[in-house]
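The values are calculated or read from the model by the stated rules, or taken from the named source; none is laboratory data. All values reported here derive from a predicted model rather than from experimental measurement. Note that we place each Cβ from the backbone using ideal geometry, even for glycine, and neighbour counts take in every protein chain shown.
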Amino acid sequence: MTRVVTRVGGVQGALVVGGGFIGSHVARGFVTRGVPTTVLSRRPPDAPTAARMNGATLVMADAGDGDALRRALDRADHVVWCVGGLLPAESNDRKVEDVISGLPPLLVMLDILAARDDTSLTLMSSGGTIYGNPTVLPVPEQCQPRPITSHGVTKVASELYLSLYRELHGVRTLALRCGNVFGAGQQPNRSQGVVATALARVARGEPVPVFGDGSAVRDYIHVDDVVEVVCALAARTDTPPVVNVGTGSGTSVRELLSVVEAVTDRRVRTEPLGSRGGDVRSVVLDVTLLRSLMDFRPLGLADGIARTWEALCHARLVASR
């Protein structure tokens, strides 16, 4: 039997699927707002991630396990889908795996929600990869997606499935096309997350790898600002289907490393690497629509990096000079 929840004054219960970097922060955001929150994660969290999710109920299961999803939905009337899939840089070499890791679990969840009339879903999509190399900057939501990685293609397909379930079954869905999200707890030394990698390398006195000539421009947004958007829009029933979540400002890798130097008061040494296929040249998100929906005042880049550096120092991961 479908449990009916009357939405009064916002979300009554949240289910966050995917307990990684963004998912753990989103869970903390709901918990601090007094919302009963469940996190479904395939892997046990490390200690810092578990600490961020303190107060949430943790369920260990695969995102494609329909029975586990139904049980986890017991207290929830809103789902935040944070299942990441493969990283953009590796997705083109493992396209089938990328599709399998991203789409089937989402379809399982959408089928479950189609049978309920009380539960909405927010998809954490990707403004950094979905547009490809846009011809206009900042790029608005109406711009035709032209991804150049399988990761971006999978995100487009995910958004189209959301549209399908909205039209056929009336499922309330929202896709948030986020810029380059950074903040405390992001894993460094991956093909994604230049802020985390730069700070971790600087903390250890190691050079920072730079792909290409450092001119690539991205819209960097702190994870705390993303959480504000997720929680604010989850409580509404009148949101459009797709919303960009960024700062509206672009920063090159070279400029970013200058900010890192200023914040940390440490010299940044670089390790030049070749350009990677599938890397977008420049993408900056138009956030006009987002600003029309809420009072959105994101952290400046220097303030966001300072907050992230402070968290790194607090974790005692910074070597002495």
Scan 268, 283, 259, 208 and give me the residue that is in contact with a strand residue (DSSP E or B) (Cβ under 9 Å, 6 or more places away or on another chain) and either of a type in the set (Asp, Glu) or under 19 Å from residue 159 (Cβ atoms) (or both).
-> 283
Are any residues in segment 62-82 free of Cβ contacts under 8 Å to residues at least 60 places away in the same chain, within 14 Å of residue 37 (Cα to Cα) and aliphatic (A, V, I, L, M), and if so, which ones?
-> 69, 72, 73
Checking residue 187 against (1) modelled with pLDDT of 95 or more; (2) surrounded by fewer than 20 Cβ atoms within 10 Å (Cβ to Cβ); (3) closer than 25 Å to residue 230 by Cα; (4) not small (Gly, Ala, Ser), the condition it does not meet = (1)
When the residues of segment 105-157 are filtered to those that are of a type in the set (Ser, Thr, Tyr) and either out of contact with any Ser or Thr (no Cβ under 7 Å at 6 or more places or on another chain) or assigned to a strand (DSSP E or B) (or both), which remaining residue is nearest to residue 94 (Cα to Cα)?
-> 154
Within the bounds of segment 86-107, is there any residue that is surrounded by fewer than 16 Cβ atoms within 10 Å (Cβ to Cβ), under 24 Å from residue 234 (Cα atoms) and touching a residue at least 60 places away in the same chain (Cβ under 8 Å)?
-> no
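Out of 213, 279, 286, 238, I need the residue that is surrounded by fewer than 16 Cβ atoms within 10 Å (Cβ to Cβ) and not assigned by TED's automatic domain parsing to the domain that holds residue 160. Which one?
Values: 279 fails: surrounded by fewer than 16 Cβ atoms within 10 Å (Cβ to Cβ); 286 fails: surrounded by fewer than 16 Cβ atoms within 10 Å (Cβ to Cβ); 238 fails: not assigned by TED's automatic domain parsing to the domain that holds residue 160.
Just one listed residue meets the conditions, 213.
Do we find that residue 220 is touching a residue at least 24 places away in the same chain (Cβ under 8 Å), surrounded by fewer than 22 Cβ atoms within 10 Å (Cβ to Cβ) and either under 17 Å from residue 22 (Cβ atoms) or of a type in the set (Phe, Trp, Tyr) (or both) in this structure?
It is false that residue 220 is touching a residue at least 24 places away in the same chain (Cβ under 8 Å), surrounded by fewer than 22 Cβ atoms within 10 Å (Cβ to Cβ) and either under 17 Å from residue 22 (Cβ atoms) or of a type in the set (Phe, Trp, Tyr) (or both).
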